[in-house]
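The values are calculated or read from the model by the stated rules, or taken from the named source; none is laboratory data. All values derive from a computational prediction rather than experimental measurement. Every residue, glycine as well, gets a Cβ built from its backbone with ideal geometry; the counts of neighbours run over all protein chains shown.
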Amino acid sequence: MTKNQILKITDECIKCGFCESVCPTLPAAGYNSIKGARGRIILAQFAINTGEELQISDSFYSCLDCFACLQVCPAGVNAGELSHLMKEEIAEKHINGNRVDIADMIKETILRFRNPLGLNMESAEWASSINFDESDTILFTGDMYQLMAYTKFINYVRKYFDRNLFNAFSRLISRHPDLIKLSRHFYDINMKNKMENNLRNIVRLLKMSGVKFNYLREDEDYPGMFLYDLGYINEFKKYANNVYNKLKKLNVKKIICIDPHTYDLMKNIYPEYIKNYDLEIYYYTDLINMNFEKTSEEITVQQPCHIVLHKNNYRALDILKKSANVKLNEPENLTSCCGGPDELLFPEIASEVSYKRYNNLKQTAGKIITICPLCYNNLSYDENVIDFSDFMIKLIK
Ligand code: SF4
Ligand code: SF4
């Protein structure tokens, strides 16, 4: 089935190369064509038609899943979707490659701990002094804000690691997942403080808007994004069903997501894999209902790909436009990826993409507002990059 889906996509491609003009990974990878949208399509077509087990995983794992290619393709081809299907093929056939060791490690730790780093207790620490309501609506963090401090540290250390050594280390953790828990001692303290503060800002904005909600604390499960993104579809399906059944047992009816990746996953991907899925999914910015001061400051906005290019909606931009002088770097319905999804597997590509994007945004306005923890983590080269919640909290009347 996956093979047919792949060939359906590749056969529609007319190889015009328009997608290469917007694919962020192509220039970031030194114009290595297999790390660009058209190259991925040509490589997938060749690999499926010949049945050769090529060392091809880097081409597809390095795709950011941003869907920028889809916006310009005259044939309506989505190289992001194709890359995802190829990752499914690679995971199913256990085709080895440079990054598969790391991907396998992440899979094993999620399945074992319901959290990529086994940090269930630590992920709830930010809320220790907050009282929540008895409610069938929950704040669902997806652990994204919490994980950023640890990934920042891992990437910092990785720069000094030989790649083979890192892969060997990943294989060791895959066999002994408990070792991942050591990561609790290694994080970027500034990022941890900022992210925990942003989580509390989000709670405050929602409470001030009159929203009643609960938070599951250490009982909250990581939603399984990496399993899906890395192509482990069979594992993802089982995992997502477990997450869903647990939420239903707890009588949860509505979910407030606070990052675009979790939002997209719970709103659009979960229903594809779970029968009779009936959770209502909201993005937290859409529930904010209060008055803010107006500032004359010029700001620009890093709109998340998983909202704007994945055809989701949110109200965050409208709120910002009412409160500040917003100058965008591109039309409202477009954006450019921050490089975040490549941070773990391709840190060198992620930093090239993020630095280019940061510079483009910086030339547009003095302050850059992010609405996603991944964007914040990747673009925060200086203090003028600010999370939406942090920016808005300072404008409360
Ligand atoms: S995916 Fe679309 S834009 Fe890219 S080469 Fe194929 S037809 Fe052209
Ligand atoms: S989804 Fe993004 S990174 Fe992937 S091929 Fe398309 S433009 Fe390139």
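Looking at Ala28, Ala44, Ala79, Ala37, can you tell me which residue is away from ligand 1 (no atom under 14 Å from the Cβ), under 27 Å from Asp104 (Cα atoms) and not polar (S, T, N, Q)? Explain how you work it out, then say what you get.
Values: Ala44 fails: away from ligand 1 (no atom under 14 Å from the Cβ); Ala79 fails: away from ligand 1 (no atom under 14 Å from the Cβ); Ala37 fails: away from ligand 1 (no atom under 14 Å from the Cβ).
Sole residue among the options that is away from ligand 1 (no atom under 14 Å from the Cβ), under 27 Å from Asp104 (Cα atoms) and not polar (S, T, N, Q): Ala28.
Could you list, in sequence order, the residues of region 43-88 that are among the hydrophobic types (A, V, I, L, M, F, W, C), surrounded by fewer than 17 Cβ atoms within 10 Å (Cβ to Cβ) and within 13 Å of ligand 2 (Cβ to nearest atom)?
Start the filter on region 43-88 by keeping residues that are among the hydrophobic types (A, V, I, L, M, F, W, C), which leaves 43-44, 46-48, 54, 56, 60, 63-64, 66-70, 72-73, 75, 77, 79, 82, 85-86.
Filter once more, so that each one left must be surrounded by fewer than 17 Cβ atoms within 10 Å (Cβ to Cβ): 46, 54, 72, 75.
Val72, the sole residue that qualifies.
So Lys267 ticks every box in (1) in contact with a strand residue (DSSP E or B) (Cβ under 8 Å, 6 or more places away or on another chain); (2) more than 27 Å from Lys327 (Cα to Cα); (3) assigned to a loop (DSSP other than H, G, I, E, B); (4) not β-branched (Val, Ile, Thr) but one. Which box is left unticked?
Result: Lys267 fails condition (3) only.
Find the residue count for region 337-348, including only residues that are modelled with pLDDT of 95 or more and either of a type in the set (Ser, Thr, Tyr) or assigned to a helix (DSSP H, G or I) (or both).
0
Does any residue of region 105-115 turn out to be part of a loop (DSSP other than H, G, I, E, B), in contact (Cβ under 8 Å) with a residue 60 or more places away in the chain and touching a helix residue (DSSP H, G or I) at 6+ places or on another chain (Cβ under 6 Å)?
no
If we scan region 352-360, do we find a residue that is modelled with pLDDT of 95 or more, within 30 Å of Tyr31 (Cβ to Cβ), aromatic (Phe, Trp, Tyr) and touching an Asp or Glu at 6+ places or on another chain (Cβ under 7 Å)?
Checked against the condition, which is being modelled with pLDDT of 95 or more, within 30 Å of Tyr31 (Cβ to Cβ), aromatic (Phe, Trp, Tyr) and touching an Asp or Glu at 6+ places or on another chain (Cβ under 7 Å), region 352-360 yields no hits at all.
Can you tell me which of Leu309, Leu344, Leu317, Leu374 is more than 15 Å from the chain's Cα centre (by Cα) and either among the aliphatic types (A, V, I, L, M) or in the same structural domain as Met195 (by TED's automatic domain parsing) (or both)?
The unique qualifying residue is Leu317.
Scan region 302-317 and give yes if some residue there is over 25 Å from Tyr270 (Cα atoms), in contact with a helix residue (DSSP H, G or I) (Cβ under 8 Å, 6 or more places away or on another chain) and surrounded by fewer than 24 Cβ atoms within 10 Å (Cβ to Cβ), otherwise no. Walk me through it before giving the result.
In the first step, residues of region 302-317 are kept if they are over 25 Å from Tyr270 (Cα atoms); the result is 302, 317.
From what's left, in contact with a helix residue (DSSP H, G or I) (Cβ under 8 Å, 6 or more places away or on another chain): 302.
Narrowing further to those that are surrounded by fewer than 24 Cβ atoms within 10 Å (Cβ to Cβ): none.
Among the residues of region 302-317, not one is over 25 Å from Tyr270 (Cα atoms), in contact with a helix residue (DSSP H, G or I) (Cβ under 8 Å, 6 or more places away or on another chain) and surrounded by fewer than 24 Cβ atoms within 10 Å (Cβ to Cβ), which makes the answer no.
Would you check which residues across region 71-130 are under 25 Å from Tyr215 (Cα atoms), modelled with pLDDT under 95, out of contact with any Asp or Glu (no Cβ under 6 Å at 6 or more places or on another chain) and among the small types (Gly, Ala, Ser) and list them?
Gly118
Table: residues versus (1) within 24 Å of the chain's Cα centre (by Cα); (2) in contact (Cβ under 8 Å) with a residue 24 or more places away in the chain.
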{"site": "Val203", "(1), (2)": "yes, yes"}
{"site": "Lys207", "(1), (2)": "no, no"}
{"site": "Val211", "(1), (2)": "no, yes"}
{"site": "Phe226", "(1), (2)": "yes, yes"}
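Does Lys246 fit the bill of being of a type in the set (Lys, Arg) and either in the same structural domain as Val77 (by TED's automatic domain parsing) or in contact (Cβ under 8 Å) with a residue 12 or more places away in the chain (or both)?
Here the answer is yes, as Lys246 does meet what is asked.
Looking at this structure, is Ile110 assigned by TED's automatic domain parsing to the domain that holds Asp229 and either within 16 Å of ligand 1 (Cβ to nearest atom) or buried (at least 16 other Cβ atoms within 10 Å of the Cβ) (or both)?
On the way: assigned by TED's automatic domain parsing to the domain that holds Asp229: yes; either within 16 Å of ligand 1 (Cβ to nearest atom) or buried (at least 16 other Cβ atoms within 10 Å of the Cβ) (or both): yes.
So Ile110 passes the test.
To keep it simple, each residue is scored yes or no on (1) in contact (Cβ under 8 Å) with a residue 24 or more places away in the chain; (2) outside any loop (DSSP other than H, G, I, E, B).
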| site | (1), (2) |
| --- | --- |
| Met290 | yes, no |
| Ser296 | yes, no |
| His306 | yes, yes |
| His310 | yes, no |
| Asp318 | no, yes |
| Lys322 | yes, yes |
| Asn329 | yes, no |
| Thr335 | yes, no |
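Restricting attention to region 20-36, report how many residues are in contact (Cβ under 8 Å) with a residue 40 or more places away in the chain and either under 14 Å from Ala350 (Cβ atoms) or more than 9 Å from ligand 2 (Cβ to nearest atom) (or both).
Result for region 20-36: 7.
Quick check, is Thr151 in the same structural domain as Glu220 (by TED's automatic domain parsing) and closer than 25 Å to Lys246 by Cβ? Break it down stepwise before answering.
Working: in the same structural domain as Glu220 (by TED's automatic domain parsing): yes; closer than 25 Å to Lys246 by Cβ: no.
Taking the combined requirement at face value, the residue does not satisfy it.
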